[in-house]
Amino acid sequence: MRFFHCKSILAILTIASATLCPAFAYEEDLTPREITTSSGVTYSLYPQGNLKFDFVTSRPATKKSNILFCIPAAFTTPSNRVDGICISNGEPASASVVNKNLGGAVVIDRGDCKFFPTDKGLKLTSVLLKDVQKKRASLFQQFLLVHEGRAATFKDKTKFQRRAICQFDKSFGVIESDKAIDFATFNSDLVEIGAKEALYCDMGAWDEGWYRPSPDSKIVKIGKDRSLTARQSNWLLLRKADEDSTATAPKVTKKPGAKKTAESETPTATKAAESKTRSTTKAAEFKTPGAKKTAESKTPASKNLKK
């Protein structure tokens, strides 16, 4: 991996280029860059470059060389379904419903991302959802960690390895921490790195993902837990721009008797806390002069939240 100090990467982010670094312009180069922030945390940055984002609900085949990056995206419920409303390339997931406790969402249209706060689901209107379907675009819900350059604040103090899709001034990428940290550290570090928008990705026991540095390379697995990979329900991809976005492997059938554990953020060493990890995440608040904008980044088990 190449190494950049945070101050250096901030300078790079200001260049008039569509990518974070001139080398990122080549779609076959997905070598992660390392960034160290003032918090002392080191992050891996996977740049979009000329690749296209995609969102699918059928497990992608690792042998497909046109897919260079794959990670779990939306949360997965105890019943192995996508948490929140979900549309993949124009097709809505069966039985998916709006989760009012997830404060953000992303629309992926023709390979590009657009993030927005959901206002407790009010912005996920039938008009918007029909438009996404008509365009054969994709949409899913998640925690909005950064909005308009401001870090969200959470009452949740638990520590896990973190990962997010980020929008910078003129580029996009995925950032992953090298160790377990809380949301306060992660969110502020994303702003320090230069993120204008950032949407969380499922982690904990569901964290296994992979990338290939180039189309002819073998995959490299990422994520530190990887204990519930079989129960993943959806995936964010970076693929070559000239490939069919729906070319994925058949969907993996989940075993009916699968154990119902918490749907995210559960390191192997803390299995006893699995059922509490999402239920402790509070509303995210974007601080603005004279007022507070609340991004309702709560969890499905919000009724069990501690004050």
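The values are calculated or read from the model by the stated rules, or taken from the named source; none is laboratory data. Only a predicted model underlies this, so the values are computations on that prediction, with no experimental measurement involved. Cβ coordinates were reconstructed from backbone atoms using ideal geometry, including for glycine residues, and neighbour counts include every protein chain displayed.
What the table below lists for this structure:
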{"item": "Residue among Phe154, Phe160, Phe115 that alone is under 19 Å from the mean Cα position of the chain (by Cα) and either at pLDDT below 95 or closer than 24 Å to Ser94 by Cβ (or both)", "result": "Phe154"}
{"item": "Per-region count, segment 92-108, residues in contact (Cβ under 8 Å) with a residue 24 or more places away in the chain and more than 27 Å from Gly223 (Cβ to Cβ)", "result": "3"}
{"item": "Members of segment 112-132 that are buried (at least 16 other Cβ atoms within 10 Å of the Cβ) and either among the basic types (Lys, Arg) or under 16 Å from Val56 (Cα atoms) (or both)", "result": "Cys113, Lys120, Val132"}
{"item": "Cys166, sole failed condition from (1) outside any strand (DSSP E or B); (2) within 21 Å of Leu30 (Cβ to Cβ); (3) not polar (S, T, N, Q)", "result": "(1)"}
{"item": "Some residue of segment 203-222 being among the small types (Gly, Ala, Ser), within 27 Å of Gly111 (Cβ to Cβ) and surrounded by fewer than 21 Cβ atoms within 10 Å (Cβ to Cβ)", "result": "yes"}
{"item": "Selection count, segment 36-65, where residues are among the small types (Gly, Ala, Ser), surrounded by fewer than 19 Cβ atoms within 10 Å (Cβ to Cβ) and either at pLDDT below 95 or closer than 20 Å to Gly111 by Cβ (or both)", "result": "3"}
{"item": "Matching entry among Ser44, Ser79, Ser58, Ser38 (being out of contact with any His (no Cβ under 9 Å at 6 or more places or on another chain), in a strand (DSSP E or B) and in contact (Cβ under 8 Å) with a residue 60 or more places away in the chain)", "result": "Ser44"}
{"item": "Residue within segment 182-196 that is more than 18 Å from Phe115 (Cβ to Cβ) and not in a helix (DSSP H, G or I) present", "result": "yes"}
{"item": "Filter pass, Val106 being surrounded by 20 or more Cβ atoms within 10 Å (Cβ to Cβ), among the β-branched types (Val, Ile, Thr) and in a strand (DSSP E or B)", "result": "yes"}
{"item": "Test: Ser214 is assigned to a strand (DSSP E or B), in contact (Cβ under 8 Å) with a residue 60 or more places away in the chain and among the polar types (S, T, N, Q)", "result": "no"}
{"item": "Lys114 vs. criteria more than 19 Å from Phe53 (Cβ to Cβ) and either assigned to a strand (DSSP E or B) or not polar (S, T, N, Q) (or both)", "result": "no"}
{"item": "Options Leu68, Leu20; residue that is at pLDDT below 95, buried (at least 19 other Cβ atoms within 10 Å of the Cβ), out of contact with any His (no Cβ under 6 Å at 6 or more places or on another chain) and within 27 Å of Ala180 (Cα to Cα)", "result": "Leu20"}
